Amino acid sequence: MEPPPGNKNGKRRGTVTIAMDILDSLNYTRKITHMIMMTNSSFIIVRRLLDHLQREALVEVGSDGGPRSVYRMTKKGREALEHYNKLL
């Protein structure tokens, strides 16, 4: 069985890894449902980490014109993701 995306060694991912996977997914989507699928995580985990990333000013939340929230990576979030990727 293949490990989930972002998990190259088959071990469980830590909170930081999942948070960075969420930031990376924002390069492709702005909707939480897509982030859940792209990061292979649960709604609860993604929502909790999005709240944390928002408090740390790495993510901004907006509206899609309807009842749904959309997310956007901030400049600080891009810098954090770039720094994290350099460490890998």
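The values are calculated or read from the model by the stated rules, or taken from the named source; none is laboratory data. Since we're looking at a predicted model, the values are computed, not measured. Glycine also receives a Cβ, built like all others from the backbone with ideal geometry; neighbour counts cover every protein chain displayed.
Overview of values
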| item | result |
| --- | --- |
| Index of the failed condition, M35 passing every other in (1) touching a His at 6+ places or on another chain (Cβ under 9 Å); (2) under 20 Å from R12 (Cβ atoms); (3) not basic (K, R) | (1) |
| Residues within segment 43-65 that are surrounded by fewer than 11 Cβ atoms within 10 Å (Cβ to Cβ) and modelled with pLDDT of 95 or more, tallied | 2 |
| Hits in segment 44-61 (condition: free of Cβ contacts under 8 Å to residues at least 12 places away in the same chain and farther than 15 Å from A19 by Cβ) | V61 |
| Leading residue by the ranking (nearest to L88 (Cα to Cα)) among those in segment 15-52 that are in a helix (DSSP H, G or I) and among the polar types (S, T, N, Q) | T17 |
| Residue list for segment 15-43, restricted to those being charged (D, E, K, R) and farther than 13 Å from A80 by Cβ | R30, K31 |
| Subset of segment 47-67 (residues that are closer than 11 Å to L26 by Cβ, hydrophobic (A, V, I, L, M, F, W, C) and in contact with a Lys or Arg (Cβ under 9 Å, 6 or more places away or on another chain)) | L58, V59 |
| Segment 77-88, residues that are part of a helix (DSSP H, G or I) and surrounded by fewer than 14 Cβ atoms within 10 Å (Cβ to Cβ) | E79, E82, H83, N85, K86, L87 |
| Cβ pairs under 8 Å, 6+ apart, first in segment 27-40 and among the charged types (D, E, K, R), second surrounded by fewer than 14 Cβ atoms within 10 Å (Cβ to Cβ) and assigned to a loop (DSSP other than H, G, I, E, B) | R30/D64; K31/D64; K31/R68 |
| Residues satisfying the stated conditions in segment 53-70, i.e. in contact with a helix residue (DSSP H, G or I) (Cβ under 7 Å, 6 or more places away or on another chain) and either closer than 17 Å to Y84 by Cα or part of a loop (DSSP other than H, G, I, E, B) (or both) | L53, A57, L58, V59 |
